[in-house]
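Report on the structure given below.
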Amino acid sequence: MEQYDRLRALAEQLARSGVKVTGLLGVATPDAADTITCREREDDGDRLWFFIGAGEPIAEADDEHLDDAAVLVLGHLNRRAEQATGAGR
């Protein structure tokens, strides 16, 4: 299934950045974790997109946007870690 191939590609990209990847596709740093999904986005012609957490779209799930998706996931995890530790206040 194409969604799993896209998730696997993102998992490999994130693992190279030091993010712990579990299953398809839990992501974690020492201070934060979340889930990434890949599914069709109705308001974008049913193209495949990556979604994070409760369903926030982060990037189209194609090779052209893979780096963008990885950067957005890392930023999301950093924000969650800051919220959890109270940093940045």
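Bear in mind these aren't lab numbers, they're just calculated from the coordinates by the rules spelled out. What you see is a predicted model; the values in this text were computed from it and never measured. Using ideal geometry, Cβ is built from the backbone for each residue, glycine included, and neighbour counts are taken over all protein chains shown.
In the chain, the DSSP-assigned H stretches of four residues or longer account for a calculated mean residue ellipticity at 222 nm of -13500 deg cm²/dmol, using -39500 (n - 2.57) per stretch and the full residue count as denominator. Using the Cβ-Cβ distance between ARG39 and LEU74 with R0 = 30 Å, the FRET efficiency computed as 1/(1 + (r/R0)^6) comes to roughly 0.90. 3J(HN,Hα) couplings calculated from phi for the stretch 46-58 with the Karplus curve 6.51 cos²θ - 1.76 cosθ + 1.60 (θ = phi - 60°) are, in sequence order, 6, 6, 6, 10, 8, 10, 10, x, 7, x, 6, x, 10 Hz; Gly and Pro show x.
The string of couplings for the stretch 65-81 from the Karplus curve (6.51, -1.76, 1.60, θ = phi - 60°) is 10, 4, 4, 4, 4, 4, 4, 5, 5, 4, x, 4, 5, 5, 5, 5, 5 Hz, one whole number per residue in order, with x for Gly and Pro. Its Cα gyration tensor gives the stretch 2-82 an equivalent ellipsoid. The semi-axes, each the square root of 5 times an eigenvalue, are 20, 13, 11 Å from largest down. With a Förster radius of 25 Å applied to the beta-carbon distance between LYS20 and ASP63, the computed FRET efficiency rounds to 0.60.
Distant-in-sequence amide contacts of LEU25, defined by a placed amide H-H separation under 5 Å and a gap of 5 or more residues or a different chain, comprise ILE36.
For the chain, the longest principal axis of the alpha carbon atoms and the long axis of helix 2-16 meet at an angle near 30°.
For the stretch 72-87 and the stretch 26-54, what is the centre-to-centre distance using only Cα atoms, to the nearest Å? When both Cα centres are located, 16 Å separates them. List the relative contact order of the chain as a percent without decimals, with contacts defined as Cα pairs under 8 Å and 6+ residues apart. About 22 percent, as a whole number.
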